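Scroll down for the structure; my scribbles are underneath it.
What follows is calculated from the coordinates using simple rules that are stated; it is not laboratory data. All values reported here derive from a predicted model rather than from experimental measurement. Virtual Cβ from ideal backbone geometry, glycine too; neighbours counted across all protein chains shown.
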Ligand code: GLN
């Protein structure tokens, strides 16, 4: 049985749990360092506020153990602020945090006018709806990193081995494509 740990310190974690439940996947909330020692098949880092989440992860002693598990290959899905937590270069604010993924990201990249917007774009060959909320985009990807989606000329999704990062919020639409792509990584390691 697959169990996905959802980082539940702040942000849209409950929505990810609901979306994964719809796909028949069990989740547990991760709130303290001890929660990271249990067997997990994957981890979701939700949207929210990367600065708040990053500081809490540091204060709670969760940063180093999580970093280690991701480096050892635990599949991880980072959405919006979660993408920022994975990036090894962060423009426009504090960071990097976990720094496990070779991508340079820009926080709040669309400015005030475009704080929130919806788009539809191809993700791994399928047109899917995308919800952006004070979103980052990926300015540059490092070697071994694959760009998976582009909106307005900017990269908004990428993967690097076991790590999948999207600038939008798949938990706010009914489309399961991003989760399916993540769960395929999970299946490969279970
Ligand atoms: N602007 C937020 C940050 O910088 C991300 C927004 C989101 O996750 N919806 O962390």
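For the residues 106, 126, 31, a GNM of the chain with alpha-carbon springs under 10 Å puts the largest fluctuation on 126. Of all beta bridges that DSSP places with both ends in the chain, some 55 percent have antiparallel geometry.
Remark: spin-label model distance residue 91-residue 37 equals 4.2 nm, labels positioned 7 Å along the Cα→Cβ axis.
Per-residue ellipticity at 222 nm, computed for the chain from helices alone with -39500 (n - 2.57) per DSSP H run of at least four residues, works out to -7500 deg cm²/dmol. The stretch 47-101 gives an Rg/Rh value of 0.93, both radii derived from C-alpha positions and Rh following Kirkwood.
The convex hull defined by the C-alpha atoms of the stretch 71-177 has an orientation-averaged projected area of 6.3 nm². Comparing 52, 156, 105 in a Gaussian network model of the chain (Cα springs below 10 Å), the most mobile by mean-square fluctuation is 52. The smallest convex shape that holds all Cα atoms of the stretch 1-99, its convex hull, gives 81 Å³ per residue.
Hydrodynamic radius of the chain by the Kirkwood approach over all distinct alpha-carbon pairs: 16.1 Å.
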